[in-house]
Amino acid sequence: MRDANRYAVVRAIGVGRLLTGVIALPACGILGWWKLAALLFAAGFLSDMIDGTLARRWGVESKAGERLDSNADAALTFGGLFSLTLGGVWSWWILAALTVAYVAANAIEPRLRGNALGLLILTVPAANFTLIALLTARLSQLGF
């Protein structure tokens, strides 16, 4: 496979994760499609591991790809949080608080020359674990 094709595959995975977070997960929350939300979130979570691995293996890493990956991760996480908020699983203030914390960490991180990156590295998996637990709880409430 040529480098251009490899690059396109890796970027398509990242863009798919970004669109899942921005469009699909909130739609699932509005419509109450919790099974689909759980499947999409799991697929997005797995795609995060796949695109980075492929980019490194194929030698197509780039700064733009890193930014896309970070933004897609945030979109997936916040899409899941927004989905749960729209579905009435939790309150809007929780979403607002998590959003403010994420924005603040992103604003502070460049000024600390990477020292706040640990905060982001811990925050995203913690939020994703919370999302998985909440989606599982919601599915069990619905008898799935």
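What follows draws every value from the coordinates through simple rules; no lab data is involved. This structure is a prediction, so every number in the text was calculated from the model and none was measured. FYI the Cβ positions are ideal-geometry reconstructions off the backbone, even for glycines, and counts take in every protein chain you see.
Points worth noting:
- Hz values of 3J(HN,Hα) by residue in segment 92-104 - Karplus curve (6.51, -1.76, 1.60), Gly and Pro given as x: 4, 5, 5, 4, 4, 5, 5, 5, 4, 4, 5, 4, 4
- Net charge dipole size for segment 20-93 [Lys, Arg +1 and Asp, Glu -1 on Cβ; Debye, nearest 20]: 80 debye
- Gain upon complete extension [Asp3, Val103; 0.36 nm per residue less C-alpha separation]: 32.6 nm
- For the pair Ile23 and Trp93, the difference between a 0.36 nm per residue extended length and the Cα-Cα distance amounts to 23.1 nm.
- Length-normalised contact order of segment 1-116 in % [C-alpha pairs under 8 Å, at least 6 apart]: 36 percent
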